[in-house]
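This report concerns only the one structure given below.
Values in this text are rule-based calculations from the coordinates and carry no lab data. Owing to the predicted nature of the structure, the values given are computational and were not obtained by experimental measurement. Cβ atoms come from the backbone with ideal geometry, glycine included; neighbour counts cover every protein chain shown.
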Amino acid sequence: MLCRDSRLDEARRQFEQALALDERAGDAAVGLGAVFEDLGDRAAAADVYRRLLHVQPFHAEGLAGLLAVVRGDELEATIAVAQDRLAAASDADAALIGYALGKALAGRDRHEEAFAAWSAANAARRRVAGTFDRDGFDARIDRLTEIFSKEFFAARRGWGDPSGRPVFIVGLPRSGTTLAEQILASHGQVHGAGELDVLTDLATGTPDRLGQPDPPWPETAPKLQSHHVAAIARDHLDRLGMIASPAASRVIDKQPLNFWHLGLVTLAFPNARIIHCTRDIRDNGLSIFAENFTPEQRWATDLGDIVHYWRGYRRLMDHWATASDLRILDVRYEDIVTELEGRSRLLLDFLGLEWDPAVLRFHEKERAVQTPSRWQVRRPLYTSSNGRWQAYECHLGMVVAAAETGGGGADR
């Protein structure tokens, strides 16, 4: 909970106290290592993972953590250990080790070995978490587009709170959402809150607000009255007030999957700004396939499912753009990394903020970053991730085909 609320100093103290009582407390060690990673302290994180592996040599999360933070000869030795462990690990551990091992190998341009490690990790994760329900996914999008029609929003125009403080960065994971947030959070009037669960909590809590045990969201949406929506907006603003100082006129929630909840945003915050990050699906799809997401993200473990999810998400984003009056700015990752100042000015103009040259030094911003991109956004801008898919092209047939043919809505 402390980590989720970005209270990292408190979380660090709790983890350190737990380890003082029991040096074999693996969960506490992994949590402490992650806190140091979020804070950008690679050396401290490595030290935590080394100590954990000293007392628990087969701890999969400790090994995965160490792979992510060490360099040079130590990394090479850790890769050898991970390759040995991967073959004999349980499915749960194989997923954790495989994703991290693949990244370490890719960083050394050992592309075939990297893709094999990612494939093993994803296969193991599917055996643990199950396969993606494409039909259920499609039905969910169908229902959202049915409920949140242009007429639905027109009948509720003027509801919610006129505040322009909330800003939402959405898109597929690994599409540049963390980079966009880091740039904007370097502005003196912007607070980057990271990936919040506020919208999901408010949406799933609507039955309680109505005093009914069911139906679940989004079936509750047509039942909400203006006072319910006003209360939702108030609760959201109260949460932002707990996170950000009053000096921040814009507070960013960069939970990428909030694209599911833009219907609720339209109702509660008609003046909210939505920054929609997009990226070449070939690079985006590969990056998703290589990432250790939560087991609930079953779509992320199969390239065909990733393409299916991409098409559905595009269809939903197209719907929000045409049915709602939300202000949505589409920003391509490739444009940000090649035209930093121009895209930064565009972003700030969209948020109604004056130019601040500090945004060009985003990598110097001292703040916690609790996403897989934590190390990338602490470096000066680079373009090496553009076209990264080409090194793996022989494995990405269906993703390459999807990029060539499009599908599921116009390019945004």
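In what sequence, highest mean first, do 172-185, 64-77 appear when ranked by Cβ atoms within 10 angstrom?
Numbers: 172-185: 25.5, 64-77: 17.9.
Those peptides, ordered most packed to least, come out 172-185, 64-77.
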Which angle from 0 to 90°, rounded to the nearest 10, does the C-alpha axis of helix 340-350 make with the longest principal axis of the chain?
-> 30
In region 1-82, the chymotrypsin sites (Phe, Trp or Tyr not before Pro) that fall in loop regions by DSSP, at most 14 other Cβ within 10 Å = Phe58
Which FRET efficiency value, to the nearest 0.05, is calculated for Ser226 and Arg143 with the Förster distance at 25 angstrom and r the Cβ-Cβ distance?
-> 0.60
Pairs of lysine in the chain with Cα under 27 Å and at least 8 positions apart or on different chains: total?
-> 5
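Length gain on complete extension for the stretch Asp197 to Asp47, per 0.36 nm per residue less the alpha carbon to alpha carbon distance?
Result: 50.9 nm gained on full extension.
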How many nm is it between the label spots at Phe58 and Gln390, if each spot is 7 Å from the Cα in line with the beta carbon?
-> 4.4
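With a cut-off of 8 Å between alpha carbons and a minimum separation of six or more residues, what is the relative contact order of region 228-319 in percent? Present the calculation step by step, with values, prior to reporting the outcome.
On the way: 29 pairs, mean separation 23.2, N = 92.
Relative contact order here is 25 percent.
Assuming R0 = 56 Å, what is the FRET efficiency of Arg24 and Glu151, from their Cβ-Cβ distance, to the nearest 0.05?
Efficiency, rounded to the nearest 0.05: 0.40.
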Which three semi-axes in whole Å describe the equivalent ellipsoid of region 177-220, each the square root of 5 times a Cα gyration tensor eigenvalue, listed largest first?
-> 34, 10, 6
Net lengthening on full extension, Asp109/Asp356 (0.36 nm per residue, minus Cα-Cα) | 85.2 nm
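If the viscosity is 0.692 mPa s and the temperature 37 °C, what Stokes-Einstein diffusion coefficient in µm²/s follows for region 127-198 when Rh is the Kirkwood radius over Cα pairs?
Details: Rh = 16.1 Å.
Rounded to a whole number, D works out at 204 µm²/s.
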Which angle between 0 and 90 degrees, to the nearest 10, do you get for helix 111-129 versus the longest principal axis of the chain when only C-alpha atoms count?
-> 60
Diffusion coefficient in µm²/s returned for region 52-128 by Stokes-Einstein, Kirkwood Rh over C-alpha pairs, 37 °C and 0.692 mPa s, is 273
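For region 85-223, count all C-alpha to C-alpha pairs, find those more than 24 Å apart, and express that count as a whole percent of the total. Mind showing how you got there, number by number?
Numbers: 5694 of 9591 pairs.
Value for region 85-223: 59 percent of Cα pairs lie more than 24 Å apart.
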Mind giving me the nanometre distance, one decimal, between the label points for Asp318 and Glu341, set 7 Å out from Cα along Cα→Cβ?
-> 3.7
In debye to the nearest 20, the charge dipole size for region 8-129, taken about the Cα centre with +1 at each Lys and Arg Cβ and -1 at each Asp and Glu Cβ, equals 300
Sorted by Cβ neighbour density within 10 Å, fewest at the top, the residues Leu267, Leu303 = Leu303, Leu267
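Given Cβ point charges of +1 (Lys, Arg) and -1 (Asp, Glu) and nothing else, what value in debye, to the nearest 20, does the dipole of the chain about its Cα centre take?
Numbers: 49 positive and 59 negative charges, 115 e Å.
Result for the chain is approximately 560 debye, rounded to the nearest 20.
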Let me have the relative contact order for region 134-405, percent, based on Cα pairs under 8 Å that are six or more residues apart.
-> 29
Two-site label geometry, Asp238 and Asp325: point separation in nm, points 7 Å out along Cα→Cβ = 2.8
